[in-house]
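Participant: Pasting a structure below so you can have a look.
The values are calculated or read from the model by the stated rules, or taken from the named source; none is laboratory data. Predicted, not measured: the structure shown is a model, and the values here were computed from it. Cβ placement follows ideal geometry from the backbone for every residue including glycine, while neighbour counts extend to all protein chains displayed.
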């Protein structure tokens, strides 16, 4: 049975109108039990619902903000901002060298509370010519991200909606911990949407699919997260992580050169938590490798993946 994340099931949004849809607690519990996850079913059974069995949307919103706040602390400990800038810095250097003057736009897909965008705005790590935008389908998370950015006096924006249907085109798409939510054909469609856009590149970090990942996720989330839903979903995320081969196949779409940074077989599994799949327009690969310098050796295409040591 495929394991499911509770957070994916307790909210629903109409894809056309963006309006929130009611979610029946009993239906979520049934789906989880059919997947063989009795523990998750018990967690959902404890969530408040009205007399019709519909989950209380305000209670769900409070829960998701609480869980994402804990996830932000994990991002701080894992130094997610620095990890992305390690690649985004050279990537924007390559783009500037081939496109001329900006401004440029970075769009964070599935931004949650907007930690990455807010960190980039606070540090100005990418330069003043990069517009920072966070996008999420969850209106509550977007509103909280915007509130935090305003309180912190940061120059960035947050938008509820489809990241690939914004009125202003992205230069680079990024995400952290999003890819494993896309299953089957939806993963390839995710990359195809970016290839069809005017964007020059993408850089998506997700959990590395190592044998140690679920164990490490259990230990880390047990130690750092208090909410049972967050602990559950953190481990399931590691179990659902895509293999290097799956990511490269899905990202190999026309008009994009798919590259994996630090493939599974080339790094210490005890030290690997997240790693990125990168996609660039073909003319940008050489400038990106030059900008990366010696680190370019850590970036491989699908033709070299089978050669990496296991």
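Participant: Would you pick out the residues in region 102-123 that are within 16 Å of residue 172 (Cβ to Cβ) and not in a helix (DSSP H, G or I)?
Facilitator: Once the filter is applied, which keeps residues that are within 16 Å of residue 172 (Cβ to Cβ) and not in a helix (DSSP H, G or I), region 102-123 yields 102, 103, 104, 105, 106, 107, 108, 109, 110, 111.
Participant: If you go through region 18-25 one residue at a time, do you hit one that is surrounded by fewer than 16 Cβ atoms within 10 Å (Cβ to Cβ) and in a helix (DSSP H, G or I)?
Facilitator: Checked region 18-25: no residue is surrounded by fewer than 16 Cβ atoms within 10 Å (Cβ to Cβ) and in a helix (DSSP H, G or I).
Participant: If you take the residues of region 53-75 that are on the phi < 0 side of the Ramachandran plot, outside any helix (DSSP H, G or I) and in contact (Cβ under 8 Å) with a residue 24 or more places away in the chain, which of them is surrounded by the fewest Cβ atoms within 10 Å (Cβ to Cβ)?
Facilitator: 54
Participant: Could I ask something else about it? Tell me the helices (runs of 4 or more DSSP H) entirely within region 237-305 that contain at least 3 residues that are modelled with pLDDT of 90 or more.
Facilitator: Those helices (runs of 4 or more DSSP H) span 244-251, 285-292.
Participant: Sticking with this structure for a sec: What residue, of 163, 94, is under 29 Å from residue 241 (Cα atoms) and either in the same structural domain as residue 197 (by TED's automatic domain parsing) or out of contact with any strand residue (DSSP E or B) (no Cβ under 8 Å at 6 or more places or on another chain) (or both)?
Facilitator: Only one candidate passes the filter, namely 163.
Participant: Okay, next question. Select, from 89, 112, 100, the only residue that is on the phi > 0 side of the Ramachandran plot, in the same structural domain as residue 296 (by TED's automatic domain parsing) and surrounded by fewer than 17 Cβ atoms within 10 Å (Cβ to Cβ).
Facilitator: Only one candidate passes the filter, namely 100.
Participant: I'm trying to understand the selection: among the residues of region 26-37, which are in contact with a strand residue (DSSP E or B) (Cβ under 9 Å, 6 or more places away or on another chain) and buried (at least 20 other Cβ atoms within 10 Å of the Cβ)?
Facilitator: Across region 26-37, the qualifying residue is only 28.
Participant: Also, I was wondering about something else. For residue 84, work out the one condition from (1) modelled with pLDDT of 95 or more; (2) buried (at least 21 other Cβ atoms within 10 Å of the Cβ); (3) in the same structural domain as residue 160 (by TED's automatic domain parsing) it doesn't fulfil.
Facilitator: With (1) modelled with pLDDT of 95 or more; (2) buried (at least 21 other Cβ atoms within 10 Å of the Cβ); (3) in the same structural domain as residue 160 (by TED's automatic domain parsing) applied to residue 84, the lone miss is (1).
Participant: Among the residues in region 57-80, are any closer than 30 Å to residue 286 by Cβ, modelled with pLDDT under 95 and in contact with a strand residue (DSSP E or B) (Cβ under 8 Å, 6 or more places away or on another chain)?
Facilitator: Yes; the residues of region 57-80 include at least one that is closer than 30 Å to residue 286 by Cβ, modelled with pLDDT under 95 and in contact with a strand residue (DSSP E or B) (Cβ under 8 Å, 6 or more places away or on another chain).
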